Amino acid sequence: MAIAPERTAAPIYEGSRIPQPVPTLLQVPEEIQATGDVLEVNFGPNHPSTHGVLRLIVDLYGEEVVGLEAAIGYLHTGFEKNMEQKTWWKAITYPERIDYLSYQNNELVFVLAIERLLGLEVPPKAAYMRTLLCELNRIHSHLIWLGTAALELGAISMFWYCFREREMVVDLSEMVAGARMHTRYFQAGGLAEDIPPGFYAQCRAFCDWMPKAVDDYERMLSRNKIWLERTQGVGLLSRADAIALGQSGPVLRASGVDWDLRKVQPYLVYDAVDFDVPVYADGDVYARYRVHIDELRESTRIVRQCNDVLEGMQGEPWIADDRKVVLPPREELHTSMESLIHHFKIVTEGYRVPEGEVYVTIESPRGESGCYVVSDGGPKPWRVKFRAPSFVALEATATCMRSAYVADMIAIVGSLDTVMGEVDR
Amino acid sequence: MSYEGVPGVVETNEAHGETTLVVDPARLVEACLHLRDEDGFDFLSDVSAADYLGWGSAGPSGYIGNAWGRDLNRPSTAGYQKVPAPKPKRFAMNYHLLAIETPPRRVRVQVWLDDGEAVPSVIEVWPTADWHEREAWDMMGIPVSGHPNLKRILMDDDWEGHPLRKDYPIGGEPVRFSEAE
Amino acid sequence: MAVDKPLRDLGLKSERVLWPTKGPGKFETEVDNLEQRVGLTTLGKAVAWAHSKSMWPDTFGLACCAMEMMAIVSSRYDIARFGMEAFRSSPRQADLLIVSGRVAHKMAPPLRQIYDQMLEPKWVIAMGACASSGGMFNNYTILQSVDKIVPVDIYVPGCPPRPEQLMEGILRLHEAVQAGVPPAYELRPVAS
């Protein structure tokens with residue numbers, strides 16, 4: 001269900017622009033190297049416009065980028081090895097910090113993997129709340145993306161406008177989970193705590209305010225001559241190249257592929273809510289911007305629908321009942337011996353997840369985020385691997401950067417919406 | 001979906017709604033080309049390497065507690081309720097594939113490798129495998145033959161060792177508590 | 001010139017010559033108690049006041065803490081009230097290095113290089129648990145506290161710290177500067 005279905009996916013350019021022999025390395029052609037005019041510049045790990053610690057080693061021929069190499073690893077945190085040392089419950093705090101702009105989505109993918117291995121059913125209230133929080137997180141991530149991408153191209157006021165709404169989103173997170181970021185609210189089986197009663201009214205107020213805010217952003221940028229000049233026709237990525245390079249999410253949808261995991265492979269309650277998927281076929285930075293803006297509106301719709309359903313679900317259980325995995329309610333600890341034993345074992349020893357391997361994917365704000373979990377039947381994960389969409393998006397920089405100027409380079413890297421925590425894990 | 005025609009498949013497993021094709025490493029590229037061209041898996045989602053050194057060595061421990069495999073004073077050292085089935089070799093390289101169509105199809109291609117045994121690169125089949133294979137080399141030490149640019153990607157260029165291996169220590173520093181000084 | 005006589009007795013005769021019945025003019029009454037209208041201070045205090053009221057941070061956002069650092073620039077928390085909204089991209093123009101996020105071993109040389117490129121006086125705030133002590137990542141790749149490579153003035157705990165927490169850290173730094181505490185590089189070497 002695309003918003004712009006009439007745009008056909010005619011190829012944007014002929015053939016493939018993926019560099020050979022190394023797809024991620026744009027090499028300076030012989031004849032240009034021979035002129036002796038090529039300047040090698042290091043856009044170092046500390047740079048205001050590279051969205052974190054990305055290092056680009058760029059060869060410039062005048063203003064044009066003729067050679068590009070992306071060097072990553074400056075934020076490598078060893079998440080996967082750390083998670084192997086902790087129990088399943090404690091390990092949930094780690095995935096959040098991988099993609100620090102969409103922390104709920106990262107938590108979700110890991111928790112869904114645990115639940116699939118356990119075969120655990122989540123109550124509907126938890127499913128709806130998870131959907132609501134993940135969509136709020138999508139709004140949060142797109143707002144920060146828009147604020148910083150516009151800031152780098154010179155539209156500095158957008159930063160303050162977007163962060164004004166971002167504060168409203170983190171206020172909702174704080175109300176629910178007690179923390180602005182990295183809430184650690186999802187558990188294997190549902191949610192950590194019940195939803196506070198004042199949440200529904202504040203969420204509804206946010207949903208009423210948000211479309212006007214998005215109108216504000218569009219009024220500032222969408223028909224702004226400078227914005228159009230800087231983003232249209234820049235960073236082209238055709239449909240075939242995008243699929244070959246493993247792109248997903250807004251980058252893929254801006255290249256004309258109608259692909260959203262929330263629609264084709266619904267998880268949580270995405271098949272019960274009504275929303276559209278924006279698809280644009282131009283494959284340039286402007287198309288990616290339009291996809292993000294439209295997704296802001298669609299996410300607000302989803303949040304509103306989930307909020308309405310949740311308001312009618314007050315008093316229902318928010319976590320599954322399986323006492324081998326989920327802590328019993330505290331009142332029961334005073335009266336039931338089994339609950340006490342369960343509580344003790346879960347807290348000291350941790351629950352055990354049956355042996356197996358599973359690969360779960362969700363649609364995070366950046367694309368297809370996946371978690372490959374191998375369990376040996378013990379209390380700790382054996383191997384956890386996260387498929388980070390930004391890692392793959394950076395592989396496409398060399399392809400998008402064909403015949404780009406230095407100024408376009410900033411626009412292109414910004415439009416790929418990379419978060420370096422995710423790239424380096 | 002039947003995977004009869006895929007060359008090199010040694011075994012097919014189904015679990016948790018996912019299909020795993022265990023493929024002979026020497027025929028990996030052939031199998032991947034078949035999957036991409038004939039079966040429509042045009043999207044390589046992820047390449048994950050796993051190290052199974054010490055798999056199952058924690059031993060079983062009963063629900064109440066046995067003489068081995070569990071120490072009440074050290075949490076999360078509980079053993080297994082059921083010892084897991086042994087694995088054929090030390091390393092597994094998993095390729096998660098996706099077919100972009102409605103409904104989507106996913107499959108996992110798995111190859112088993114010994115320490116030092118190289119896996120052929122699938123970069124000709126899916127260009128996105130470039131960085132994934134470099135990460136497998138960097139983190140797990142699985143050499144990839146035929147890769148045009150096999151350098152370290154996440155660690156320093158001159159780092160020694162492959163951090164995600166099970167015999168590589170977690171590192172870090174012991175935490176000091178002020179009363180203990 | 002005798003300074004115990006008020007200024008009106010020392011001169012400004014012309015107006016009174018022409019207009020004998022007019023009393024002291026506005027100018028004379030204003031400069032009357034000049035000594036009470038002029039602030040006196042030492043050079044050190046004045047310079048410390050200037051340092052703390054416009055301490056420009058360097059854009060050194062690494063990870064999640066960088067989001068909260070960007071939030072203090074936003075309109076709700078507004079660090080512009082304290083003269084610090086001008087985040088400089090070049091360390092040569094920055095006074096304050098807010099290390100916000102986890103520092104991998106690969107990133108440590110660039111961090112030290114940025115610190116060295118800053119001009120004195122310079123201050124360092126270790127924002128968040130990862131910069132202060134390695135945080136939850138006690139492993140082979142994360143530097144267990146940035147004070148191993150740069151001397152730190154203020155540690156702000158949190159994961160990530162709220163914008164108000166960061167501002168509390170910044171304001172305490174301002175107070176320390178105004179109280180005359182020298183920057184950390186004069187006080188202690190980096191931890192080994």
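Sort out which residues of segment A:274-287 are outside any loop (DSSP other than H, G, I, E, B) and within 21 Å of A:P211 (Cβ to Cβ), and write them in order of number. Let's see the steps before the verdict.
Step one: filter segment A:274-287 for residues outside any loop (DSSP other than H, G, I, E, B), giving A:277, A:285-287.
The one that is outside any loop (DSSP other than H, G, I, E, B) and within 21 Å of A:P211 (Cβ to Cβ): A:V277.
Residue by residue through segment B:25-50, note down the ones that are out of contact with any strand residue (DSSP E or B) (no Cβ under 6 Å at 6 or more places or on another chain) and either over 27 Å from A:G367 (Cβ atoms) or of a type in the set (D, E, K, R) (or both).
B:A26, B:R27, B:E30, B:R36, B:D37, B:E38, B:D39, B:D42
In the list B:G141, B:G172, B:G79, which residue meets the criterion of being at positive phi and at pLDDT below 90? Steps first, please.
Numbers: B:G141 fails: at pLDDT below 90; B:G79 fails: at positive phi.
Unique residue meeting the criteria: B:G172.
Please state which of the following conditions A:A71 fails to meet, knowing it meets all the rest: (1) within 11 Å of another protein chain (Cβ to nearest Cβ); (2) of a type in the set (A, V, I, L, M, F, W, C); (3) surrounded by 24 or more Cβ atoms within 10 Å (Cβ to Cβ); (4) within 22 Å of A:N46 (Cβ to Cβ).
(3)
Got a number for residues in segment C:31-64 being among the hydrophobic types (A, V, I, L, M, F, W, C) and at pLDDT below 85? Write out each step before concluding.
Of segment C:31-64, the ones among the hydrophobic types (A, V, I, L, M, F, W, C) are C:31, C:34, C:38, C:40, C:43, C:46-50, C:55-56, C:60, C:62-64.
Next, from what is left, pick out any that are at pLDDT below 85: C:31, C:34, C:38, C:40.
Counting residues in segment C:31-64 that are among the hydrophobic types (A, V, I, L, M, F, W, C) and at pLDDT below 85 gives 4.
Tell me the helices (runs of 4 or more DSSP H) entirely within segment C:61-134 that contain at least 2 residues that are of a type in the set (A, V, I, L, M, F, W, C), more than 10 Å from every other protein chain (Cβ to nearest Cβ) and surrounded by fewer than 19 Cβ atoms within 10 Å (Cβ to Cβ).
Counting at least 2 such residues, we get no helices (runs of 4 or more DSSP H) at all.
Return the residues of segment B:19-46 that are closer than 25 Å to A:S390 by Cα and not hydroxyl-bearing (S, T, Y); say none if nothing qualifies.
At the first step, the residues of segment B:19-46 found to be closer than 25 Å to A:S390 by Cα are B:32, B:36, B:40-46.
Answer for segment B:19-46, where residues must be closer than 25 Å to A:S390 by Cα and not hydroxyl-bearing (S, T, Y): B:C32, B:R36, B:G40, B:F41, B:D42, B:F43, B:L44, B:D46.
Consider segment A:13-48. How many of its residues are more than 14 Å from chain B (Cβ to nearest Cβ) and either in contact with a helix residue (DSSP H, G or I) (Cβ under 8 Å, 6 or more places away or on another chain) or not in a loop (DSSP other than H, G, I, E, B) (or both)?
Matching residues across segment A:13-48 total 15.
Quick one: in segment C:48-60, which of the residues that are surrounded by 15 or more Cβ atoms within 10 Å (Cβ to Cβ) and under 16 Å from the mean Cα position of the chain (by Cα) is farthest from the other protein chains (Cβ to nearest Cβ)? Walk me through it before giving the result.
Going residue by residue through segment C:48-60, those that are surrounded by 15 or more Cβ atoms within 10 Å (Cβ to Cβ) are C:48, C:51-52, C:55, C:57-60.
Subsequent filtering for residues that are under 16 Å from the mean Cα position of the chain (by Cα) retains C:48, C:51-52, C:55, C:57-59.
Details: C:A48: 28, C:H51: 23, C:S52: 24, C:M55: 18, C:P57: 12, C:D58: 8, C:T59: 5 Å.
In this case the residue turns out to be C:A48.
Counting only residues that are farther than 30 Å from C:A104 by Cα, give me the helices (runs of 4 or more DSSP H) lying completely in segment A:312-425 with at least 2 of them. Walk me through how you get there before you give the answer.
Values: elements: A:330-333, A:337-348, A:389-395, A:397-400, A:406-415, A:420-424.
Here the list reads A:330-333, A:337-348.
Residues checked against (1) in contact with a helix residue (DSSP H, G or I) (Cβ under 8 Å, 6 or more places away or on another chain); (2) under 30 Å from A:V413 (Cβ atoms); (3) of a type in the set (D, E, K, R):
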| residue | (1), (2), (3) |
| --- | --- |
| A:L296 | yes, yes, no |
| A:S299 | yes, yes, no |
| A:M313 | yes, no, no |
| A:I319 | yes, no, no |
| A:K324 | yes, no, yes |
| A:L333 | yes, no, no |
| A:E338 | no, no, yes |
| A:H343 | yes, no, no |
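Answer yes or no: is there a residue in segment A:197-207 that is in a loop (DSSP other than H, G, I, E, B), touching a residue at least 60 places away in the same chain (Cβ under 8 Å) and more than 14 Å from chain B (Cβ to nearest Cβ). Can you show your working first?
Initially, segment A:197-207 is screened for residues in a loop (DSSP other than H, G, I, E, B), giving A:197-198.
Still in the running and touching a residue at least 60 places away in the same chain (Cβ under 8 Å): A:197.
Subset that is more than 14 Å from chain B (Cβ to nearest Cβ): A:197.
For segment A:197-207, residues in a loop (DSSP other than H, G, I, E, B), touching a residue at least 60 places away in the same chain (Cβ under 8 Å) and more than 14 Å from chain B (Cβ to nearest Cβ): present.
With (1) within 27 Å of A:I12 (Cβ to Cβ); (2) in contact with a Ser or Thr (Cβ under 6 Å, 6 or more places away or on another chain); (3) assigned to a loop (DSSP other than H, G, I, E, B) as the list, and A:L268 as the residue in question, which single condition is left unmet?
For A:L268, the failing item is (1).
Given the criterion surrounded by fewer than 21 Cβ atoms within 10 Å (Cβ to Cβ) and part of a helix (DSSP H, G or I), identify the matching residue among A:E165, A:E174.
Numbers: A:E165 fails: surrounded by fewer than 21 Cβ atoms within 10 Å (Cβ to Cβ).
Answer to the selection: A:E174.
Which members of segment A:233-242 meet the condition of being in a helix (DSSP H, G or I) and buried (at least 21 other Cβ atoms within 10 Å of the Cβ)?
As a first pass, look at segment A:233-242 and keep what is in a helix (DSSP H, G or I): A:239-242.
Result: A:D241, A:A242.
Just checking, does segment A:144-155 include any residue being outside any helix (DSSP H, G or I), within 9 Å of another protein chain (Cβ to nearest Cβ) and in contact with a Phe, Trp or Tyr (Cβ under 8 Å, 6 or more places away or on another chain)?
Taking segment A:144-155 as the starting set, the residues that turn out to be outside any helix (DSSP H, G or I) are A:154-155.
Next cut, within 9 Å of another protein chain (Cβ to nearest Cβ) only: none.
Checked against the condition, which is being outside any helix (DSSP H, G or I), within 9 Å of another protein chain (Cβ to nearest Cβ) and in contact with a Phe, Trp or Tyr (Cβ under 8 Å, 6 or more places away or on another chain), segment A:144-155 yields no hits at all.
Being of a type in the set (G, A, S) and away from chain B (no Cβ under 13 Å) is the filter here; which residues of segment A:323-363 pass it? Give the derivation first.
Narrowing segment A:323-363 to residues of a type in the set (G, A, S): A:336, A:339, A:350, A:356.
If the condition is that a residue be of a type in the set (G, A, S) and away from chain B (no Cβ under 13 Å), then A:S336, A:S339 are the ones that fit.
What residue, of C:V146, C:V177, C:V99, is in contact with a His (Cβ under 9 Å, 6 or more places away or on another chain) and in the same structural domain as C:A71 (by TED's automatic domain parsing)?
Working: C:V146 fails: in contact with a His (Cβ under 9 Å, 6 or more places away or on another chain); C:V99 fails: in contact with a His (Cβ under 9 Å, 6 or more places away or on another chain).
Answer to the check: C:V177.
Considering segment B:137-162 alone, what residues qualify as being over 18 Å from A:A71 (Cβ atoms) and either out of contact with any His (no Cβ under 9 Å at 6 or more places or on another chain) or within 14 Å of chain C (Cβ to nearest Cβ) (or both)? Break it down stepwise before answering.
Initially, segment B:137-162 is screened for residues over 18 Å from A:A71 (Cβ atoms), giving B:140-146, B:160-162.
Across segment B:137-162, the qualifying residues are B:P143, B:V144, B:S145, B:G146, B:E160, B:G161, B:H162.
Quick check, is A:L112 more than 14 Å from chain C (Cβ to nearest Cβ), of a type outside the set (V, I, T) and part of a helix (DSSP H, G or I)?
On the way: more than 14 Å from chain C (Cβ to nearest Cβ): yes; of a type outside the set (V, I, T): yes; part of a helix (DSSP H, G or I): yes.
In short, yes.
Answer yes if at least one residue in segment A:215-232 is crowded, with 23+ Cβ neighbours inside 10 Å and within 30 Å of A:Q20 (Cβ to Cβ), and no otherwise.
yes
For segment A:212-227, name all the residues that are more than 19 Å from A:H142 (Cα to Cα) and touching a residue at least 24 places away in the same chain (Cβ under 8 Å). Before the answer, list the steps.
Kept after step one, since they are more than 19 Å from A:H142 (Cα to Cα), are these residues of segment A:212-227: A:223-226.
Passing the criteria: A:N224, A:I226.
Quick check: is even one residue across segment A:139-158 of a type in the set (A, V, I, L, M, F, W, C), surrounded by fewer than 24 Cβ atoms within 10 Å (Cβ to Cβ) and either out of contact with any helix residue (DSSP H, G or I) (no Cβ under 6 Å at 6 or more places or on another chain) or closer than 28 Å to A:V353 by Cα (or both)?
Yes, the conditions are met somewhere in segment A:139-158.
Quick check on A:V65: is it buried (at least 17 other Cβ atoms within 10 Å of the Cβ), at pLDDT 85 or above, in a strand (DSSP E or B) and hydrophobic (A, V, I, L, M, F, W, C)? If you could, list the steps in order and put the result at the bottom.
Values: buried (at least 17 other Cβ atoms within 10 Å of the Cβ): yes; at pLDDT 85 or above: yes; in a strand (DSSP E or B): yes; hydrophobic (A, V, I, L, M, F, W, C): yes.
For A:V65, the condition - buried (at least 17 other Cβ atoms within 10 Å of the Cβ), at pLDDT 85 or above, in a strand (DSSP E or B) and hydrophobic (A, V, I, L, M, F, W, C) - is met.
The values are calculated or read from the model by the stated rules, or taken from the named source; none is laboratory data. Everything quoted here is computed from the prediction, not taken from an experiment. So basically every Cβ, Gly included, is an ideal-geometry build from the backbone, and we count neighbours across all protein chains shown.
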